[in-house]
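Down below is the structure, laid out as C-alpha cells.
The values are calculated or read from the model by the stated rules, or taken from the named source; none is laboratory data. Nothing here was measured: the structure is a model prediction, and the numbers come from that model. Neighbour counts are summed over all protein chains in view; Cβ atoms, including those assigned to glycine, are modelled from backbone coordinates with ideal geometry. For accessibility, only protein heavy atoms count, side chains too; no ligands or nucleic acids. Shrake-Rupley method; radii C 1.70, N 1.55, O 1.52, S 1.80 Å.
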Amino acid sequence: YSLDAGDILEDTFPEKQAEVTKAVHDVFEAAERGDVAGLEALHLYGPKFSKFDDIPPSTRLDASATREGERTALARLTSFSATVEDLKVDVLGNVAVATFILRYSFVTPDVSGSSTARSTMVFVEKSGAWRIVHEHFSRLGAED
C-alpha cells in the first residue's frame, strides 16, 4: 500500500470505512433474505479463508466448510434477523478489520432462538470490492 495514500496506522480513511461498513451490513441483509449467492459473493473464499463460529463445531473452518455450513443454515431458516451494534472499522491499506456486537434471532422448523456475539470480520479489497477473508463470532454469555 502506498505511503503516499496516508498513514495506515493513524489515518481513518473515511471513504474506505464507509465501503467496509456497507459490506458488513450487506452480509446480514443477504442472510436475512436467504440470499446464498449474495452472501457468498461477499466472501473471498480460498486457501487463506478461515472462520470461527459461535455454533458448533468449535473448530476453525476453512472456505469449503464455511460455505457448506452457511448454505445448510440458510436453507433451514424460516426467519432470521440481525443487528450490528458498536461497529468499528479500521482500514489498513487494502485490509480492513471490522469489530462489532451482533445480536441475532432465528427460526427453523424445529427450533427458534436468539444470541449475542462479539464479532470480527477481516476484509481484503480486491478489484475495488471488499471481501471477507476471516470471520470470528464468540457468543456472549449472561455474565458478559
Entry for Kirkwood radius over Cα pairs in Å (calculated from the structure that is shown) out of (i) 15.9; (ii) 16.5; (iii) 14.9:
(i)
By the scheme Lys and Arg +1, Asp and Glu -1, what is the net charge of all other residues having a beta-carbon under 13 Å from that of PRO14?
-2
Using the heavy atoms of the protein chains and a 1.4 angstrom probe, tell me the accessible area per residue for region 6-143 in square angstrom.
55
Carbon plus sulfur fraction of accessible area for the chain, probe 1.4 Å, in percent
53
Charge tally in the Cβ shell below 9 Å around ALA63, where Lys, Arg are +1 and Asp, Glu are -1, ALA63 excluded:
+2
The aspartates and glutamates whose Cα lies under 13 Å from the Cα of LYS16, excluding any fewer than 8 residues away in the same chain, are ASP90, GLU125
Please give the calculated 222 nm ellipticity per residue for the chain, where each DSSP H segment of at least 4 residues contributes -39500 (n - 2.57) and the sum is spread over every residue; nearest 500 deg cm²/dmol?
-9000 deg cm²/dmol
Determine the dipole magnitude for the chain: charges of +1 sit on the beta-carbon of Lys and Arg, -1 on that of Asp and Glu, nothing else is charged, the reference point is the Cα centre, and the result goes in debye to the nearest 20.
480
Setting aside same-chain residues fewer than 8 positions from LYS126, which aspartates and glutamates have a Cα under 14 Å from its Cα?
GLU19
